[in-house]
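Presented below is the structure to which this report refers.
The values are calculated or read from the model by the stated rules, or taken from the named source; none is laboratory data. All figures in this text were calculated on a predicted structure; none of them were measured in a lab. The protein model used for the area step is the full one, side chains on, heavy atoms only, and it has no ligands, DNA or RNA in it. Shrake-Rupley method; radii C 1.70, N 1.55, O 1.52, S 1.80 Å.
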Amino acid sequence: VQLQASGGGLVQAGGSLRLSCAASGLTFSNYDMGWFRQAPGKEREFVAAISWSGGTTYYADSVKGRFTISRDNANNMVLLLMNSLKPEDTAVYYCATKSRVLGRSQKEGMYRYWGQGTLVTVSS
């Protein structure tokens with residue numbers, strides 16, 4: 001299984017970025033997908049997740065209303081559109097998979113496969 005995250009970069013506060021995660025080596029529609037992030041000196045935290053069908057999405061309170069997660073099962077992709085970015089959104093962003101039978105979860109330990117991360121830097 002490989003998850004390849006991309007789309008990170010440097011952006012000014014108030015700007016937008018779109019992260020992508022391409023999955024291979026798995027039956028993509030069997031998995032819920034999540035995004036997590038880890039800021040310098042902090043623990044990795046949940047950002048957003050989407051069910052296998054795309055019918056259910058949920059977000060951390062810190063990004064609700066600003067970030068949108070979506071998926072394209074035909075192309076084995078999950079996206080994270082990030083608007084109104086803040087300096088506190090600066091982090092390495094990781095995509096991860098979770099078996100759909102496990103249900104809704106924000107817990108890192110429930111996610112089995114992880115991508116390598118993509119760095120997002122928001123300047124003030």
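Over region 63-124, with the other protein chains present, what is the accessible area per residue in square angstrom, probe 1.4 angstrom?
Averaged over the residues of region 63-124, the accessible area is 51 Å².
Under the 0.36 nm per residue contour assumption, what length would be gained going from the current alpha-carbon distance of THR56 and SER105 to full extension?
Fully extending the segment from THR56 to SER105 adds 16.5 nm.
If the chain between ALA74 and LYS86 were fully stretched, how many nm would it gain, using 0.36 nm times the residue separation less the Cα-Cα distance? Could the numbers behind the result be given before it?
Values: separation 12, 0.36 × 12 = 4.32 nm, distance 3.22 nm.
Gain on extension, ALA74 to LYS86, equals 1.1 nm.
Enter the accessible area of THR27 (Å², nearest 10), with the probe set to 1.4 Å and all protein chains included.
Approximately 80 Å² of THR27 is accessible to the 1.4 Å probe.
Ignoring everything but the protein chains, give the 1.4 Å probe accessible area of ARG100 in square angstrom, nearest 10.
90 Å²
Quick check for you: with a 1.4 Å probe and neighbouring chains kept, what is the accessible area per residue of region 1-54, in Å²?
Averaged over the residues of region 1-54, the accessible area is 48 Å².
How much of the accessible area of the chain, in percent, comes from carbon and sulfur atoms when a 1.4 Å probe is used?
Looking at the chain in its full context, I get 46 percent from C and S.
So, taking all protein chains as they sit and a 1.4 Å probe, how much accessible area belongs to SER53, in Å² rounded to tens?
70 Å²
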